[in-house]
Each structure stands twice: as structure tokens, then as C-alpha cells.
1. What do you get for the angle between helix 117-132 and the principal long axis of the chain? Use alpha-carbon atoms, 0 to 90 degrees, nearest ten.
2. Could you tell me how many degrees, from 0 to 90 and to the nearest 10, lie between the Cα long axis of helix 66-110 and the main elongation axis, the longest principal axis, of the Cα atoms of the chain?
3. Of 30/136; 30/72; 30/122; 72/136; 39/136; 30/77, which ones are farther than 27 Å apart at the Cα?
4. Can you tell me how much longer the chain between residue 86 and residue 56 gets when fully stretched, taken as 0.36 nm per residue apart minus their C-alpha distance, in nm with one decimal?
5. Compute the acute angle (0 to 90°) between the alpha-carbon long axis of helix 147-156 and the principal axis of greatest extent of the alpha-carbon atoms of the chain; round to the nearest 10°.
6. How big is the chain by the Kirkwood estimate over distinct Cα pairs, in Å?
7. For the chain, what does the helix formula give at 222 nm: sum of -39500 (n - 2.57) over DSSP H segments with n ≥ 4, over the residue count, nearest 500 deg cm²/dmol?
8. So between residue 130 and residue 111, what do we pick up on full extension, going 0.36 nm a residue minus the alpha carbon distance?
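Just so you know, all these numbers are worked out from the coordinates, no wet-lab data involved. Since we're looking at a predicted model, the values are computed, not measured. FYI the Cβ positions are ideal-geometry reconstructions off the backbone, even for glycines, and counts take in every protein chain you see.
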Amino acid sequence: MACSKVRKIDRECRVFNEQWTRDYFFVPWKDRAICIICKENVSVFKEYNLRRHHETRHKEYASLKGAARDDKVRRLKGGLAAQQDALLRQSRANLAAVRASYKAANLLAIHGKPFTDGEFGKAMMLAVSEEVCPEKTDTFRGVSLSAQSMTRRIEEMGGKRP
Ligand SMILES: [Zn+2]
């Protein structure tokens, strides 16, 4: 596919060709392609960019052919997937911490409590967690309940307050 017309580049070249995984060790990820060897990413799916990256950075893979190449691709893809799962878990945990912070701010607002009560609530939550589920204490510690956070959240939710 020759992306000769500039206006069409974005649309036409964003289709990832499955063959590029075996040829250049790239996998598609959102609107990018990731090198499964060095984890670097390329923003537009253009065969030339992927081939150049692979041939200049990973010369040592050129001799890898047939089943050995397939096996290498499989193992590297597995490693990348595991890494992405870990990142996804991390971002979900961060999201939960943010949601928890909003819920706490909402509770303070509903009950007409001072914003500084968020800090007291956190101290209590950590004390309980240390006894009941110490393995989760660090997660709870990551929930921002400072007076500043509570003020900001309540202001942001301004329109939704009861
Ligand atoms: Zn690479």
C-alpha cells in the first residue's frame, strides 16, 4: 500500500498488517505499534517505519528464521502482554483511588461535615485496615482525602450536590 496522497495517510496507513509481527516484531496497540523487543512505539502504522526500526535496532534478529522466529515472537508477545496487564491493573487501582476520593467528598458534603474531616476519616480507615486487611493498607493510603482534595472534589461536584 503506497500512501502517496498525504490526506489519505492517516486513514489508510493505520491498518496494522499481522505479518509485521513476524517480519518486524511489532504488535498493534491502540493507534500505535509497539516493538515487542525494546517496547518502543511508533505512532503511525507505516511498514517503512517498522522495517527501518527493526533492521537498524535489532540486526541480531535477522538470522532468526522459521520456527525459532515464531517461538521468539510468541515469547516476546507473552512478556509484553504480562507487562501491559500489570500496567492496566495499576491504572485501575489509581482510578479506584480517585473514585473513592470523590465518594468520600460527596459523603462530607451530604452530611455537612468540614473538609478537614477527610483527613480524620483517612486516619481511621488506615487504622482499621492495618488490623483487618494490612495487605490493602498501602492502597488505602493512596486515596487522597486531604482537606485540599476534599475542597477541590466538592467544588468540582458543585452541580451534583444534594
Ligand atoms: Zn525495537
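1. 70
2. 20
3. Values: 30/136 32 Å; 30/72 23 Å; 30/122 37 Å; 72/136 37 Å; 39/136 31 Å; 30/77 16 Å.
Where the Cα-Cα span goes over 27 Å, the pairs concerned are 30/136; 30/122; 72/136; 39/136.
4. Working: separation 30, 0.36 × 30 = 10.80 nm, distance 2.95 nm.
Result: 7.8 nm gained on full extension.
5. Its long axis makes an angle of about 70 degrees.
6. Working: mean 1/r = 0.0503 Å⁻¹.
Its Kirkwood hydrodynamic radius stands at 19.9 Å.
7. Working: 7 runs with 100 residues, N = 162.
Using -39500 (n - 2.57) per qualifying helix, the result is -20000 deg cm²/dmol.
8. Working: separation 19, 0.36 × 19 = 6.84 nm, distance 2.65 nm.
Gain in length upon complete extension: 4.2 nm.
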